[in-house]
Amino acid sequence: MINEALTAPRSAYSRLLIISFAGLLLLASTYCVHLFLRVDSATRTNNRRVPSVGRLVDLRSRTHDAVQELFAYVISGDEAEKRDFESWTADYQQISQSFLHQSALDEASRVQFDRVLKHQRDIADSGNRMIDRYDQTGVVDPIDFHALEHDVDQFGQVISVLQNQLEIDLAKSQLETALVWNRTRTESIVLGVVFAVLSSTLLVLLLRRFHAYDQLRDEAMTSILESNRRFRLIFDSEPQCVKLVDREGRLVDINPAGLRMLEADREEVLGKCIFDVIVGEDRERFVEATQAVLRGESNSLEFEIVGLKGQHRVMTTRQVPIRYGSDEFLHVLSITEDITEKRRIEKQLKDHRDKLAHASRVNLLGELVSSIAHELNQPLSAATNYAFVLEKLASETPVQTAAIREHAGQVRGQAQRAAEIVRGVRRLLKPSPGDNQATDIHQLIESSLGIMGPDLRAHAVDLDTRLHAESLTVFGHQVQLQQVLMNLFQNAIQAMDQVEPNRRTLTIDTASTPDHIEIRVKDTGNGIESDDTQDVFRTFFTTKPEGMGMGLAVARSIVEAHQGSLVVEQSTSRGTVFLVVLPLSGESADECCESKSLHC
Amino acid sequence: MNAAKAKVCIVDDDPAVQDSVRALLAAFGFETHCVASAEEFLLGNFNGSIDGMVLDLRLPKMSGIDLLTQLTEEGAAVPTVVISGHRDEDVLAQLASFQAVIFLMKPFAPNRLVEFLSEHCTSSGNDCPDGSNHG
């Protein structure tokens, strides 16, 4: 991937190595120059010396020619010869100077040449004297002649020495040159080989280095491209919207999923401000959130958008700030999910739950209503019957006053009973969820028993309370829970009407599990003989002239509304056990006042 | 005319109902006997001795409909007024299969009860009493 460290490839030779080789090559080149200079100087010396001898010979021969011309003049009197000689005397210095200049003699040779020059001068002087005397006398003076001869000899000797010297020098320099050439030839072969080796090695090194770096670059490029392609693939395939937005909210990049959500093509939205698609109510919040992200926070929020074709979607987004190496955050990267469907389903679920709750309430209400109806039916039925009888009695003669009074009383009694039921219903219906409070079960039991004391005594029922050591608290409706208890107590009492008075015991037992309270109401009646103990919750087989008049169905509904359960735990011929399970509240209860209890 | 009165048994666990129906029927010249459950009825061995029945469907143990079924099977069924606080369609359907049975929902019109019993029950060997008798 792109983050792998790019190290130099092994096949790339180090720079030091290459520089060393280049250095060596430079040295070799320098030596080559040195060789050239050596050869050049030797050759130049040689070149200078080669003509020197010839020139010296030339000089000598000119001088000798001049002497010959002089002799020829004095012998023949030829003026031409005299002129030649005179031109020599005029020129010889210049010629000698020129020779000197061109020959570059060493010190010894120079000295020698000075002698040569001197002797030439002598010759010139002698010659001139001779000519003068001849011109004057027409005869050659033997003194002049001997003097001239002497000068010429001298000249001859000196110039011979010089000539020898020069020849020796020349030979020496030629030999030297040959040696230099030879040496240089060898050295240059070696140098050439070295040069060739160095160059080719350097070339190889460089080539390989370049090749290696080329490869590396190619690999890096491939790696980058691959990485880029991979990222692009992820970006394009991501089913949620991934987008980059700049500081002003303009869209920098967006993936196909995002385009689908916007219902647009790439060209339509790139560069446009993303805030425009957000619905009015959410826009400010979104803008603020984006600003917060650009300050460095990451955040997430939910909002609604309208696509370019008008479709509304509910979205949730997570945003992070992005910077590319600089200190400032330039872009916001966000991943946005379309949760329209999710929200819709959630809403649907909630609606269903509400409906179910409503239905449960209706059910409870339905049960309540049906039990109320049934309870009211009893006194109404009875009252109707008595009234009918009254009508009949009233139309008879003689009027049976006693009977009429009796039946009228009964009508009133039944009406009263109906009224009690209505009162009970009102009390039941009055409370609202706000009436839930922490209720101490034991206090509730005791207050219920307090109310029912007369009943217990009247029915000769013994009481056995086995209450849990600690207080047990339920968070619920005190009045309703008390009704449940009293209903159960009433049922128990009446169930025991069938047995002998001395065998009637009502046992109330409370216990607790980690999460629940268990209340057991046991009687010593004959039990419920039914295949399905659920019948008892449907059948109102103990309608009560006194008391609440609420059936077990209602009691069960109340208990279930408190997230508890009411069941027949046991039913034998020796008695019945009703079990009430209620969720344990962690709170402690307020004083459960007797004044709140019901007057029935 | 001092005809023997038709005997009607009232089967209902609510004492108030028992009492009021008894008073009603007595006022119209029926002899009544009250029991509080189907079992009590069966124990009381009323076979042949009663002419009619007022029966509550909701009874402590055996239900009214079961009692009626049993009596019908035994051939001991008598004209019956079934009273109930609930209108149970299944029960109604079942009732249709019985003879001489009507269903009245509480609170019922007392005259219908009286009329039915007057119409359908004859005292054992005697004529039905007219409405002028009382007791």
Interface size B-A, as summed buried accessible area [1.4 Å probe, Å², nearest 100]: 2200 Å²
Shape call, region A:85-136: gyration tensor on alpha carbons, a/c limit 1.5: oblate
Mean shadow area of chain B, taken as a quarter of the surface of its Cα convex hull (nm²): 7.4 nm²
Axial C-alpha extent at least 20 Å, average Kyte-Doolittle at least 1.0 - helices from chain A (DSSP): none
Kirkwood Rh and Cα Rg combined as Rg over Rh, evaluated for region A:236-325: 0.93
Greater than 30 Å apart at Cα, pairs in A:Lys82/A:Lys172; A:Lys522/B:Lys61; A:Lys355/B:Lys61: A:Lys82/A:Lys172; A:Lys355/B:Lys61
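Against the globular-protein guess of 2.2 N^0.38 Å, express the Cα radius of gyration of region A:223-263 as a ratio, rounded to two decimals.
Taking the Cα Rg and dividing by 2.2 N^0.38 Å, one obtains 1.28.
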Debye log10 I(q)/I(0) for region A:1-151, one point scatterer per Cα, at q = 0.09, 0.11, 0.12, 0.20 Å⁻¹: -0.50, -0.62, -0.68, -1.16
Antiparallel DSSP beta bridges within chain A, percent to nearest 5: 90 percent
Qualifying aspartates and glutamates (Cα of each under 20 Å from Cα of B:Lys5; at least 8 residues distant if same chain): A:Glu396, B:Asp19, B:Glu31, B:Asp51, B:Glu115, B:Glu119, B:Asp127, B:Asp130
Amide H contacts of A:Leu472 (H built 1.01 Å from N, under 5 Å, at least 5 apart or other chain): A:Ile441, A:His442
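Which whole-number percent of Cα pairs in chain A have a distance greater than 34 Å?
Counting pairs separated by more than 34 Å, the tail of P(r) holds 74 percent.
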Helix-only mean residue ellipticity at 222 nm for chain A, each DSSP H run of n ≥ 4 adding -39500 (n - 2.57), per residue, nearest 500: -22500 deg cm²/dmol
Computed magnitude of the charge dipole of region A:239-338 (debye, nearest 20; Cβ of K, R +1, Cβ of D, E -1): 160 debye
Antiparallel DSSP beta bridges within region B:7-120, percent to nearest 5: 0 percent
Shielding by other protein chains, A:389-400, mean Cβ within 10 Å: 3
Residues in region A:70-101 reached by a label modelled at A:Arg44 [backbone nitrogen below 18 Å; 7 Å Cα→Cβ]: A:101
Net +/- balance of residues flanking A:Ser109 in space, Cβ distance below 14 Å, scoring K and R +1, D and E -1: +1
Calculated FRET value between A:His34 and A:Ile168, using beta carbons and R₀ = 35 Å, to 0.05: 0.75
Reach of A:Lys118 by Cα under 17 Å, taken over aspartates and glutamates that are not fewer than 8 positions away in the same chain: A:Asp91, A:Glu107, A:Glu149, A:Asp151, A:Asp153
Computed accessible area, A:Thr186, all protein chains, 1.4 angstrom probe, square angstrom: 80 Å²
On Cα atoms only, tilt of B:64-74 relative to the major axis of chain B in degrees: 70 degrees
Subset of B:Lys7/B:Lys106; A:Lys243/A:Lys350; A:Lys243/A:Lys347; A:Lys392/B:Lys106; A:Lys309/A:Lys350 violating a 26 Å alpha-carbon distance limit: A:Lys243/A:Lys350; A:Lys243/A:Lys347; A:Lys309/A:Lys350
About the Cα centre, charge dipole magnitude for region A:451-525 (Lys/Arg +1, Asp/Glu -1 at Cβ), debye: 120 debye
For B:7-14, mean number of other protein chain Cβ atoms within 10 Å: 2
Amide H within-cut-off set for B:Leu55, under 5 Å, with H built and near neighbours excluded: B:Val11, B:Val81, B:Val82, B:Ile83
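The values are calculated or read from the model by the stated rules, or taken from the named source; none is laboratory data. Since this is a predicted model, take the numbers as computed values, not measurements. In this analysis, Cβ positions are derived from the backbone assuming ideal geometry, glycine residues included, and neighbour counts consider all displayed protein chains. Ligands, DNA and RNA are excluded from the accessible area calculation, which covers all protein heavy atoms including side chains. Shrake-Rupley method; radii C 1.70, N 1.55, O 1.52, S 1.80 Å.
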